[in-house]
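In what follows, a structure is listed as structure tokens, so that the remarks can point back to it.
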Amino acid sequence: MGERRCAAVRVLVLQAAWALAGGQVRYSVPEEAEAGTVVGRLAQDLGLEAGEAEARRLRLVAQGRRASVELSGASGALLLSSRLDREQLCAKSAPCALRLEVLLERPLRVFHVELEVTDINDNAPVFPAQRKNLSIAESSVPGSRFPLEGASDADIGANAQLSYTLSPSEHFTLDVKSSDENRKSLFLVLTKSLDRETIPVHRLVLTASDGGRPSLTGTMELLISVLDANDNAPQFNQSVYKVQLPENATEGTLVARVNATDPDEGSNKEFSYSILSSIPIGNKELFTIDAKMGEIRLTGALDFEDVRLHELQIEATDKGTPPLSGHCSVELEVVDVNDNAPEVWVTSLSVPVSEDASVGTVVAVLSVSDRDSGANGRVRCWVWPASPFGLEATFAGSYSLVLREALDRERVSEYELEVRAEDGGAPALRASRGLRVPVSDVNDNAPAFAQAVYTVLARENNAAGAELARLWARDPDEAGNGRVSYSVWEGGAAGGGAALPPSSSSWSGPGWRPASSYVSVDAESGLLWALQPLDYEELQVLQFEVRAVDAGEPPLCGNATVQLFVLDENDNAPALLPPAGSAPEAGPVPAEAAAAAGSGTLWAWAAWGAPAGQVVAKIRAVDADSGYNAWLRYELWEPRAKGPFRVGLYSGEVSTARALDEADGPRHTLLIVVRDHGQPARSATATLSVSLLEAAEAALAAAAASSSSAASASSSSRAAVGAELAPGAASAATNVWLVVAICAVSSLFLLALVLYAASRWAPRAAVLSAPGPTTLVCASEVGSWSYSQRHSRSLCVADGAAKSDLMVFSPNFPPPPPGPAAKDTQPEPSALLHTVSGSPFLALPLLTRPLYSSCREPGSALAARGSQCVIVVYCLTAGCIIRLLHGL
């Protein structure tokens, strides 16, 4: 393309030089040149200098086809403003030239410019139609000629000179004849006889090529139809049609479409289809065929499990004379679908299964089958839930249900199982068979009580046969294996009143009574009831065992411990104790006092002029009950008017309410009522006769009483002190007090030394007090007091040993009423410590005034300290506790 442009430029330059000489400029440009192509340097060809074209206003006059050409004012070059098409400008005319006028002002001159557009091969030959249909009889002889129409080319010259070729064919050739230089005649020549049954239609391509470089071509398709005669019968395109259908195909489904052809035409070509026969015989009604279309469809349902292959004979018969027919066969293979679920049968079932059956025991035998084939008939089985059973395959389609884990009837008494089967189809079908496998019981569980220890509270004086509690033991076995009977197995009470455990060494000691003499248990219901009324003062705690035995073989049993606590009731009235120092008095006693003592009336004396608060006497009483039922209070019943005496509410001490004088009379009789705090309260009455004496006589009576016994001396000395004493009597009283104080202090000092020596030299595990039951106070639900069965020892041992307390509770001495206590009050020593319910106690002769004063105040303590052992006396509201503490 570049070489062509260079050649064109050279030609243009020569033509411009020649034209300039003749007064006319000629240029040449090929068609289809792009816009902006320089046709020629017009200003230079006209002899103008550079820049002169714009100064002299060189312009193109609007004439002719200047729309495609423009003049550059700056350079004076002639340019193409658009693409030129020679065929559009000049059609077949040659040569094709554009005439232009150029005007040059200053001075005015007119130039003629001729622009020739040269042809290029840009148009291909074109036939009148893309396809031409020809009909040629099958009987046409070779050499027959059939005219054809040639192609045309818009180009000129060599670019428009055409040549023709025909696609290869053994039946046809092309004959071209030239009538002149530009016109040619075309003929299709038959070279070989035609056979419509072999080739009914011939398709040929006629190609026209021009003389351009490169050459362009055009084509036309020749469709030659061969006219035939009726000389052939219908023929199927297949002798055997093999098709497949799933067995779940619905009615009306297309089975196959057979296709027969008849090379004849007209009525000889028309034919119809029919079904001649079917295999298996009798299944012909399952199918129907369309006589014209040859479509075979289902009229019934297929079943792979019944017939897997159907064969049909199909016939096609034309309407010629005589009619001709063709045959084919259709083989329908039925494809299996997963339309049959597995089936499960129970061949054998051995139930119930004993809960002690061994692992591997065969429970049932099952059979599994599926009518489908292949993967659809391949079945897998399992048990749900899997535990504790499983399936084992014995042979094809047979399984055994076996035990894989140990059974426990008490946990699961019956199993609801499902044997599930699933085939391998898509989607898979499932089936199941339910099995009920009961588990038979064996006696493998002993009766078990809900509690290992039962605590039973019973009030004393309960009626014989009263229900105390109901025991229940659970046995998860069934029938006789779970039928429980109850009995009192062992246990009892000693003579001391507290029950002993079965392992006690005193189990069969003297005074021991078995628990079966107090209580009994119903063998079937477990009802615990009392055989006799219970007495708290005789029995506080009864401990025994109840045994539950089942009826299995062998029988199994379970035990439970029963602790029966007897709750105290207020069934004992307070009892008055004889006065301290009941021995014969040493010294003169008034006749009235002697007479009162002989009649059971308590007596006491006081000195004339005794100040207010002087203790005259102390009423002592005890209650066999416990707790609140044994908590006593003292009331002055008579005289009710304001008298010279009063009684401590809880101490029982009779003291002067004011100073005594001669107007009070020589003797006073006091009626004192002692009540407990039970519900209802019980009481006792004491009569106290108080004689008023001179101070000397009162001191002599007190000295005589103190010499009879230490306890009575302490009480008498308390009542013998007068406010106004004669000089001799006062001296005697002072001597008595000095002797008492010295004895008390000496006793405490000696006792401390003995205890210190014992703690230093005695073995570390030495027992300082004999064993005995500790009366440990506990509050019950009714506010009374009860005693536990624990045993305790009071120890005072060397360093590092454990400590223990001896607690002594006296219900006979309740705390005094609130208020300041008299400093000179001295309680009797015998009132400090008492034995409760026959229990042993440790009594210390604490006779000094400071000790007594401290004991009057609740919570106070007195300690005699040593390096190894300390004796501490705690005075509580209900009594005194003596603790032997080690290492303080």
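A few remarks follow.
- Between region 506-569 and region 287-328, the C-alpha centres lie 101 angstrom from each other.
- Restricting attention to region 131-227, close to 75% of DSSP beta bridges with both partner residues there are antiparallel.
- Summarising the label geometry, the points placed 7 Å from Cα in the beta-carbon direction at W384 and A50 lie 10.2 nm from one another.
- Antiparallel bridge percentage (DSSP; both residues within region 343-440; nearest 5): 95 percent
- With the simple spin-label model, which puts each label point 7 Å out from Cα in the Cβ direction, the Q532 to R106 separation comes to 16.5 nm.
- Potential lengthening of the chain between E405 and E331 amounts to 21.0 nm, from the contour at 0.36 nm per residue minus the alpha-carbon distance.
- In plain terms, the residue of W472, W603 with the fewest other Cβ atoms within 10 Å comes first and the most crowded comes last, giving W472, W603.
- Dipole orientation for region 607-652: of the candidates A641, G652, A610, A610 has the Cα lying most toward the positive pole (charges on Cβ; Lys, Arg +1; Asp, Glu -1).
- Cα gyration tensor, region 235-335 - rounded (a/c under 1.5), prolate or oblate: prolate
- Between I281 and L223, the FRET efficiency estimated from the beta carbon spacing at R0 = 60 angstrom works out to 0.75.
- Cα-based shape type of region 131-227, given that a ≥ b ≥ c are square roots of the gyration tensor eigenvalues and the cut on a/c is 1.5: prolate
- Extension gain (nm, one decimal) between L753 and A663, 0.36 nm per residue minus Cα-Cα: 27.1 nm
- Cα gyration tensor shape for region 41-148, rounded if a/c is under 1.5, else prolate or oblate: prolate
- Debye intensity ratio I(q)/I(0), log10, region 343-440, q values 0.23, 0.25 Å⁻¹ (C-alpha model): -1.14, -1.30
Each value in this text was obtained by applying a stated rule to the coordinates, not by laboratory testing. Remember, it's a predicted structure, so these values are computed and weren't measured experimentally. Neighbour counts are summed over all protein chains in view; Cβ atoms, including those assigned to glycine, are modelled from backbone coordinates with ideal geometry.
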